[in-house]
Amino acid sequence: MLSFLYGGAVTALGVGLTVALATGQGLGADTHEYLVFRGVTTTIVFSLMAGGIFVADAFLVLRGARGTGVVVVAGIVVLAGLIGEVIEAVTGGSAASLAISAGIIVAAALPGVLLLLPRGLRSTPPVTADPTPGVTPPPQP
């Protein structure tokens, strides 16, 4: 469920950026410069891809899959976020900005961590060593 909500939010971000880029309203940046335009379009593409993976994997998880796509995308986001956090901390970022970034990283990691945890009760009982190996136990009534 969390993956579905994240997917919807990231897809909405991609669509919002696409509309803002197409209309020229709301970005607050000069998109006629090559690097700005490239950065915005890259963010749009990655947002739409990540949103699609999150939503598709959310449906697959409901059907019993492990959600590998969510784990991979969340891992990439966390890795990039940690690199950015270190750079921001070294270059003198404010404590408020570092705290906000840390919260975003934790929120990005949450679906991946939850999907990696074991699910439900174990279907088979734990195996214990036989006290007398090689001897067939008598049948149980």
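The table for this structure:
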item: The chain: relative contact order in percent, alpha carbon pairs under 8 Å with at least 6 residues between; result: 23 percent
item: Largest to smallest principal axis extent of the C-alpha atoms in the chain, angstrom; result: 83, 36, 22
item: Net lengthening on full extension, residue 23/residue 104 (0.36 nm per residue, minus Cα-Cα); result: 26.3 nm
item: Highest average packing first - 14-27, 99-112, Cβ atoms within 10 Å; result: 99-112, 14-27
item: For 47, 3, order by how many other beta-carbon atoms lie within 10 Å, fewest first; result: 47, 3
item: Radius 13 Å from Cβ of residue 105, net charge of other residues (Lys, Arg +1; Asp, Glu -1); result: -2
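Values in this text are rule-based calculations from the coordinates and carry no lab data. Keep in mind the model is a prediction, meaning the values are calculated, not measured. FYI the Cβ positions are ideal-geometry reconstructions off the backbone, even for glycines, and counts take in every protein chain you see.
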